[in-house]
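Asker: Have a look at this one.
The values are calculated or read from the model by the stated rules, or taken from the named source; none is laboratory data. Values in this document were obtained by computation on a predicted structure and should not be read as measured data. All Cβ positions, even for glycine, are placed from backbone atoms using ideal geometry, and neighbour counts span all protein chains on display. Ligands, DNA and RNA are excluded from the accessible area calculation, which covers all protein heavy atoms including side chains. Shrake-Rupley method; radii C 1.70, N 1.55, O 1.52, S 1.80 Å.
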Amino acid sequence: INDIQNNKFIIDDIKYENWHKGFEQYFKPVKIDNQITIIPNWHSEEIDSIDCIRIKPGMAFGTGTHETTQLILSQLKKYINKDNRILDLGSGSGILAIGALKYGASFVDCYEYDKDCEENFFENMELNNISNSYKLLFDDVLLIKDFSYDCILANINKKIIIDLLPNIKKFQIAKSKIILSGLLIDDEEE
């Protein structure tokens, strides 16, 4: 605690708690549009379904509880077709790639900038019995030159999306479906 006016600092010991373990009681299965259920890895319910994704919440964004993730997941069934090649930009936990593969995509190239996501990404792939059909790449999405995919998923911030769209337009070889999320209502006009 810092009391700047009186030039005092107080150091206090805080009882150790396993904050991650404490979080578990609040993370329950999440059903999205009555289609996909996101289940935390510690949840005992056994569901083996195309519409079920098991997630170990970690440092990576993408637990299924955030609206931007839910918006893309709710659209996958509509826009992913059997044997599609998918580009997942800002993969984080891998949740969107998992959803795409469960809905029949043949391959997903996953781009992530943050190397801290790597372990969580692979844990989630393993939890969902996915051992191939994807590649995780660590790079700046603005450096990608090949956008010849059947569907492009991007759950990233507005600034990156705006900078990315000219690249997609310039380098896109095939006609792709593009699903963007992370934009606010205030961003609609822009």
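Asker: How long is the gain from D163 to N132 if the chain were fully straight, where each residue apart is worth 0.36 nm and the alpha carbon distance is subtracted?
Answerer: 8.1 nm
Asker: Longer than 21 Å from Cα to Cα, which of K82/K102; K115/K135; K31/K115; K102/K145; K102/K135; K82/K159 are they? Say none if no pair is.
Answerer: From K82/K102; K115/K135; K31/K115; K102/K145; K102/K135; K82/K159, over 21 Å: K31/K115; K102/K145; K82/K159.
Asker: Ok, one more. Over the range 52-94, with the other protein chains present, what is the accessible area per residue in square angstrom, probe 1.4 angstrom?
Answerer: On the way: 1780 Å² over 43 residues.
Accessible area per residue, the range 52-94: 41 Å².
Asker: Sorted by packing (mean other beta-carbon atoms within 10 Å per residue), highest first, where do 134-142, 75-83, 34-42, 87-95 land?
Answerer: Values: 134-142: 14.0, 75-83: 15.6, 34-42: 17.7, 87-95: 27.0.
The peptides rank, most packed first, as 87-95, 34-42, 75-83, 134-142.
Asker: What is the spin-label model distance, in nm, from N7 to S44 if the labels are put 7 Å beyond Cα along the C-beta direction?
Answerer: 6.0 nm
Asker: Further, regarding this structure: Return the carbon/sulfur percentage of the accessible area of the chain, one whole number, probe 1.4 Å, all protein chains in place.
Answerer: Details: 6020 of 11780 Å².
The value for the chain is 51 percent carbon and sulfur by accessible area.
Asker: Okay, moving on. The chain: Rg/Rh from Cα coordinates, Kirkwood Rh?
Answerer: Across the chain, the Cα-based Rg/Rh ratio is 1.06.
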